[in-house]
Amino acid sequence: MIGLLRYCGDWELPHSGLVILDSPLVTYKRRDVQPGEEIPEDVSRAFYEALARTPPDRQIIVLENEDPPEHVRPKIHYTHFSRLAGVGRYGFFPVVARGVSSSGVV
């Protein structure tokens with residue numbers, strides 16, 4: 001998907017300029033490992049470094065359970081979903097408290 005995005009952008013071919021990837025690094029986990037074993041750091045690092053070089057007229061949204069490496073975060077628009085009030089962002093949708101949404105309307 002990213003290759004198609006880059007190809008179309010480089011050759012000025014029609015493309016929305018947007019790619020959304022859901023858990024792209026999960027396939028790199030080794031089989032028969034203990035729960036919680038991480039993907040090799042070099043694979044993850046190279047993946048995010050390559051995405052950080054994406055031209056600003058193209059957008060790649062990655063939904064991943066693991067955080068990107070610290071050194072890449074300033075180069076990308078990174079949002080941490082924590083499910084904890086006051087830490088990063090609680091979730092994808094705004095939290096509704098006491099029957100009132102963040103906009104004041106239910």
Identify, from the list Pro24, Pro55, Pro68, the residue that is modelled with pLDDT of 85 or more, in contact with a Phe, Trp or Tyr (Cβ under 6 Å, 6 or more places away or on another chain) and either in a loop (DSSP other than H, G, I, E, B) or over 30 Å from Gly9 (Cα atoms) (or both).
Pro68
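Each row is one residue, and each column tells you yes or no for (1) under 16 Å from Val26 (Cβ atoms); (2) among the aliphatic types (A, V, I, L, M); (3) surrounded by 14 or more Cβ atoms within 10 Å (Cβ to Cβ).
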{"position": "Val43", "(1), (2), (3)": "yes, yes, no"}
{"position": "Phe47", "(1), (2), (3)": "yes, no, yes"}
{"position": "Ala52", "(1), (2), (3)": "no, yes, yes"}
{"position": "Pro55", "(1), (2), (3)": "no, no, no"}
{"position": "Val62", "(1), (2), (3)": "yes, yes, yes"}
{"position": "Glu66", "(1), (2), (3)": "yes, no, no"}
{"position": "Val72", "(1), (2), (3)": "no, yes, yes"}
{"position": "His77", "(1), (2), (3)": "no, no, no"}
Would you please list the contacts, defined by Cβ atoms under 6 Å and residues six or more apart or on different chains, that run from a residue in the range 45-69 that is among the basic types (Lys, Arg) to a residue that is assigned to a helix (DSSP H, G or I)?
Arg58/Leu5; Arg58/Gly9
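The values are calculated or read from the model by the stated rules, or taken from the named source; none is laboratory data. Keep in mind the model is a prediction, meaning the values are calculated, not measured. In this analysis, Cβ positions are derived from the backbone assuming ideal geometry, glycine residues included, and neighbour counts consider all displayed protein chains.
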